[in-house]
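These notes are about the structure you will find just below.
Please treat every number below as a calculation from the coordinates, not as lab data. Everything quoted here is computed from the prediction, not taken from an experiment. Virtual Cβ from ideal backbone geometry, glycine too; neighbours counted across all protein chains shown.
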Amino acid sequence: MKDIQNLYRQVIMDHYKNPRNKGLVNDETYKTVHIKNPSCGDDITIQSKVENGLVKDVRHEGTGCSICCSSASVLSETVTGKKIEDAKEITETYINMLTNKEYDENVDLEEAVVYGGVKQFPARIKCASIAWKAFEGTLESE
Amino acid sequence: MDSYTLKKDFPVLDDKTLVYLDTAASSLKPRQVIEKLDEYYEKYGVNVHRGVYNLSYVATSKYEESRRKVSDFINATFEEIIFTRGASSALNLVASSYGLNNLTSEDEIIVSELEHHSQVLPWQNVSNITKAKLVYVPLNKEGRITVENFKKVLTDKTKVVALNYVSNVMGYISPIKEIIKLAHEKGAVVSVDAAQAAPHKAIDVKDLDCDFLAFSGHKMCGPTGIGVLYGKRDLLNAMPPIEFGGDMNDNVEKFDASWKDAPYKFETGTPPIAEAIGLGAAIDYLENIGLENIAKHEKELKDYTVQKMKEIGDVIVYNETSETGIIAFNIEGVHPHDAITFFDGDNICMRAGHHCAQLVIRWLEVVATLRVSFYLYNTIEDCDKFIESLKGARDFFKSVGF
């Protein structure tokens, strides 16, 4: 059996049980992207606010498994306060790490690095990436 | 029936550690069927209905012999069997051909929240185009379609009734025979989704008196890419084709053409020949075991497993009273996708999610469910392994803080 302990790390469970930055805001200065995975029912909305080249705030809301919901929370903490180009680089690195592509290990993923364990569970990669994909979408015009 | 011996017919189960509990999505295929596919490709792998040479004659005979087997399997006549891509395209054919050409804004279509998307969405489409009203049978408190509730929505305006024979989420058997009788009294036609029925119980379309009935090959030990639509001959002959091209036509002029009789006018293009022949082999395989024996075996495994699940605690079973081999459940507080990874780790294949039936998932007021489904190759040991894994999952998720 693959190491399921490695998947359900403390950081993940902590963010699942006590999500940070949860709840959407009704504010036009935020960009909103909603992604749904109809086959499993994961449903995540991400909002981001960018000001002076910095990611000022990230909000999230949705339903899904622990990997999906926690990753939205971890995302919000990891990228808030970062320069747009750094946030984009972190996001790209994170997605590459999950999908077993080459990635720059020098990029500091902070807590998000624990999702490296998801690689062992190919069926769950989608769960861990949907919030980050949505975040990437909010930055598209930036 | 000895499932220990039958197991040996399924090459995928050569892996002795594998526990396959996802037959409701697709059954495993026995060697007898796989060899039949090889036989077609190796010995007479040419087109049907076209070649005026012996090999094509052989392929055509085998293909049509399979249609004969299917018609005997459900007590229909030969001309009433249309080969399709699967149950989904069979159900779509009914809606696109019969529905779009016979319904108006004055009419009503009865469906239910217990349907697979392939039974409800084609009629939603017909309703949007023709403005016929889509009406839902209220489910009873267990989530069943009942004759009593069906009577509440049946009116003089009802023109089509489109319901399942066995639910793919809850495993309930619908009282389809009584429903058909009532619908006919109002002059409505009834289209039955039998995708979860055909692999597990004998079907007699004459006895049911259904107008249309659909099922898939791959859920009953047959190949993927082949399905069946049964339709009463008069209805089929009055319906227009929905796909046009080779083999379905009779006389072709520059601005007009005529069609062959059913079933051929609904089978344009080169059909799934190997798959149709393979389906015939699957029917032989199942009939040799006996569908009543299969149904009885599945029900025994289901009852045994549900009893054990109740003893574990922290497990919610949504369909305790179901008559077939499907168990819909969740582990309290654990999202089905978290749970499924644990079962996968124990090499147990089962389903988590919406099961292509979002309406009943919503009806249950859950985000998704886990589903176990049994078949002829499952054994008590499979049930025990599943129960042990379920206990392990419950304990593990508790230990990490769910």
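Mean projected area of the Cα convex hull of region B:120-213, taken over all directions, amounts to 6.1 nm².
Modelled this way, with points 7 Å down the Cα-to-C-beta line, the labels at B:Asp156 and A:Glu89 are 7.6 nm from one another.
As a proxy for reagent exposure, ranking B:Phe374, B:Phe397, B:Phe402 by other Cβ atoms within 10 Å from fewest up yields B:Phe402, B:Phe397, B:Phe374. As a proxy for reagent exposure, B:Tyr375, B:Tyr264 were ordered by neighbouring Cβ count within 10 angstrom, fewest first; the result is B:Tyr264, B:Tyr375. For region B:32-288, the dipole from Cβ point charges (+1 on Lys and Arg, -1 on Asp and Glu) about the Cα centre works out to 460 debye, to the nearest 20. Ordering B:Cys356, B:Cys383 from the fewest to the most neighbouring beta carbons within 10 Å gives B:Cys356, B:Cys383.
With contacts taken as Cα pairs under 8 Å at a separation of at least 6 residues, region B:287-402 carries a relative contact order of 30 percent. Counting every C-alpha pair in the protein assembly as shown, the share spaced more than 44 angstrom apart comes to 27%.
Find me the longest stretch of chain B that has none of the exposed GluC sites (Glu not before Pro), where exposed means in a DSSP loop (not H, G, I, E or B) with at most 13 other Cβ atoms within 10 Å. No qualifying site falls inside B:143-252, the longest such stretch.
Contact order, relative form, for region B:186-240: 31 percent (alpha carbon pairs under 8 Å, 6 or more residues apart, mean separation divided by residue count).
The spacing between region B:257-309 and region B:136-214, judged by their C-alpha centroids, is 19 Å. In this calculation the C-beta distance from B:Glu142 to B:Tyr41 is compared with R0 = 41 Å, giving a FRET efficiency of 0.30.
The long axis of helix B:291-312 is offset from the longest Cα principal axis of chain B by roughly 30 degrees.
Whole-percent P(r), chain A, all Cα pairs, 10 Å bins from 0: 13, 46, 35, 7, 0. For chain A, the relative contact order is 27 percent, taking Cα pairs closer than 8 Å that sit 6 or more residues apart in sequence and dividing their mean separation by the residue count. What the phi angles of region B:330-339 give under the Karplus curve with 6.51, -1.76 and 1.60, with θ = phi - 60°, is a coupling list of 9, 8, 3, x, 10, 5, x, 6, 5, 4 Hz, glycine and proline written as x. Taking Cα atoms only, the orientation of helix B:117-130 departs from the longest principal axis of chain B by about 50 degrees. Computed from backbone phi, the HN-Hα couplings of region A:76-86 come to 4, 6, 5, 9, 5, x, 8, 5, 3, 5, 5 Hz, rounded to whole numbers (Karplus: 6.51 cos²θ - 1.76 cosθ + 1.60, θ = phi - 60°; Gly and Pro given as x). Residues whose amide H comes within less than 5 Å of that of B:Lys133, counting only those at least five positions distant or on another chain, are B:Asp107, B:Glu108, B:Ile109 (H built at 1.01 Å from N in the peptide plane).
Let me know the Kirkwood hydrodynamic radius for region A:54-121, please, with Cα pairs as the basis and the value in Å to one decimal. Averaging 1/r across every pair of different Cα atoms and inverting gives 12.5 Å. Of the two radii for region B:290-399, the radius of gyration is 0.95 times the Kirkwood radius, both from the alpha carbons; that is the Rg over Rh value.
Secondary-structure-derived ellipticity at 222 nm for chain A, considering helices only, amounts to -11500 deg cm²/dmol, per-run term -39500 (n - 2.57) for DSSP H runs with n ≥ 4. Given a cut-off of 23 Å, name the pairs among B:Lys232/B:Lys302; A:Lys49/A:Lys133; B:Lys157/B:Lys181; B:Lys69/B:Lys181; B:Lys181/B:Lys201; A:Lys36/A:Lys56 whose C-alpha atoms lie farther apart than that in the structure shown. Among B:Lys232/B:Lys302; A:Lys49/A:Lys133; B:Lys157/B:Lys181; B:Lys69/B:Lys181; B:Lys181/B:Lys201; A:Lys36/A:Lys56, the Cα-Cα distance tops 23 Å for B:Lys232/B:Lys302; B:Lys69/B:Lys181; A:Lys36/A:Lys56. Size of region B:32-288 from its Cα atoms: along the principal axes, largest to smallest, the extents are 58, 49, 26 Å. Look at where the Cα atoms of region B:353-402 and of region A:117-142 average out, and the two centres are 26 Å apart.
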